[in-house]
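The values are calculated or read from the model by the stated rules, or taken from the named source; none is laboratory data. Bear in mind that the values here come from a model prediction, so they are computed numbers and not experimental data. For neighbour counting, all protein chains shown are included, and Cβ atoms are generated from backbone atoms with ideal geometry for every residue, glycine included. Just the protein is used for accessible areas: all its heavy atoms, side chains included, with ligands, DNA and RNA removed. Shrake-Rupley method; radii C 1.70, N 1.55, O 1.52, S 1.80 Å.
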Amino acid sequence: MTQFLPPNLLALFAPRDPIPYLPPLEKLPHEKHHNQPYCGIAPYIREFEDPRDAPPPTRAETREERMERKRREKIERRQQEVETELKMWDPHNDPNAQGDAFKTLFVARVNYDTTESKLRREFEVYGPIKRIHMVYSKRSGKPRGYAFIEYEHERDMHSAYKHADGKKIDGRRVLVDVERGRTVKGWRPRRLGGGLGGTRRGGADVNIRHSGRDDTSRYDERPGPSPLPHRDRDRDRERERRERSRERDKERERRRSRSRDRRRRSRSRDKDERRRSRERSKDKDRERKRRSSRSRERARRERERKEELRGGGGGGDMAEPSEAGDAPPDDGPPGELGPDGPDGPEEKGRDRDRERRRSHRSERDRRRDRDRDRDREHKRGERGSERGRDEARGGGGGGQDNGLEGLGSDGRDMYMESEGGDGYLAPENGYLMEAAPE
């Protein structure tokens, strides 16, 4: 197919010119001729240095050794700084430490966005506050996350110490403790290697997360008696009270979980009961509808039977006077049965309703009605023919009463048979129909 392409496209498939051959510029290494053959190093051994005069080899420092050296140097520098600051640190002569130390409360782990007014609102519930000192960084001016609150009465400080620990302020739970710098002998702050708690002892397996204000092992080992023996007893009682409170909280949580489970099971049972009740109500509604449909069907059949009886009676009334040669009755002209007959307004309205209902039925119901009406019509025609033959042979029955009063079930059957000889009323439209030929 390429021969049918235009020349401009065929030029794209044309082969290029062959590559010209050019001789190499120089010979390959194996083609070169060496004037001086290779030789060993034996002639040069005497030029080497004597191993006994060589200096010892130098060993380079590895990465792990370098990191360990820097860590040791950092620790040494920090120890020197701590020793220098310890010589200068005197909490009793600190200008920022003012007021009574036994009325001052230490609050740590404070949110950096918490203001002094917020702290005052939270801690004034335990008693009137005399002064609040929030600690800020000297370099950046930002808050350090702890403060000192001085109460006017010592009992208020004790109340806050017992009840305010772990209180959530601005999304963080604060740590509340007494001021130990001026009340505990040999006390040192955290920045100088002291403090309480175990959050900075080492790794995750050594550190602890709970509050360290009850951990007195850090300063009990130091020489000198504790200046607050009654506070130690209070601390022990407070620890026992908190343990009991934790047990009560756990028991309360277990009861709540059990009650939640019971409520959940009760809700599930209620839901099942409501579902079953809805199903039962639906079944009752369906049964009620079936009953109402059956009752309506029975009522309809009863009405049709009465209409047939009434229509059959009217036909007999019209036939007997004609046979006897009498004049028509006074109720109206021939073909009418009075105001209550099949041609009356009430009967016509019932016929229209009946036709409307029948038009809404299904095809199966209409077919069944047609078959039933056809059978009934055929039977009535046969009975009417037999009754006519009997009357012709007997020659009587012309003056018989056509009323239905006082007739039993046998009388009604005879009435229907006698009236079916000459005609009957059709259940579809109420008009007088002729009987079937014999």
Accessible area, 1.4 Å probe, largest first: how do TYR161, TYR151, TYR44 sort? TYR44, TYR161, TYR151
Cut-off 14 Å between beta-carbons: net charge of the residues surrounding SER277, Lys and Arg +1, Asp and Glu -1: +3
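Compute the FRET efficiency between GLU253 and VAL125 as 1/(1 + (r/R0)^6), taking r as their Cβ-Cβ distance and R0 = 22 Å, and round to the nearest 0.05. Please report the intermediate quantities before stating the final value.
Details: r = 26 Å, r/R0 = 1.20.
That gives a FRET efficiency of 0.25.
Taking 0.36 nm per intervening residue step and subtracting the Cα-Cα distance, what contour gain separates GLU76 from ARG301 on full extension? Display every interim value, and only then the final one.
Details: separation 225, 0.36 × 225 = 81.00 nm, distance 11.45 nm.
Difference between extended and current length: 69.6 nm.
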Once each part is reduced to its C-alpha centroid, what is the distance from region 154-182 to region 231-283 in angstrom? 31
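Given charges of +1 on the Cβ of Lys and Arg and -1 on the Cβ of Asp and Glu, with all other atoms neutral, how large is the dipole of region 95-183 about its Cα centre, in debye to the nearest 20?
On the way: 19 positive and 13 negative charges, 82 e Å.
So the dipole magnitude of region 95-183 works out to roughly 400 debye.
Specify whether the C-alpha gyration tensor of region 95-183 places it in the rounded, prolate or oblate class, a ≥ b ≥ c being the square roots of the eigenvalues: rounded for a/c under 1.5, otherwise prolate if a/b is larger than b/c and oblate if not. List each step's numbers first, then the result.
Working: a/c = 1.72, a/b = 1.18, b/c = 1.46.
Because a/c hits 1.5 or more and a/b fails to exceed b/c, region 95-183 counts as oblate.
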In cubic angstrom, how much convex hull volume per residue do the alpha carbon atoms of region 1-150 span? 562
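Report the local net charge at ARG173: Lys and Arg +1, Asp and Glu -1, summed over other residues whose C-beta lies under 10 Å from its C-beta. Don't jump to the answer; show the numbers that get you there.
Working: positive: ARG109, LYS167, LYS168, ARG172; negative: ASP165.
Result for the neighbourhood of ARG173: +3.
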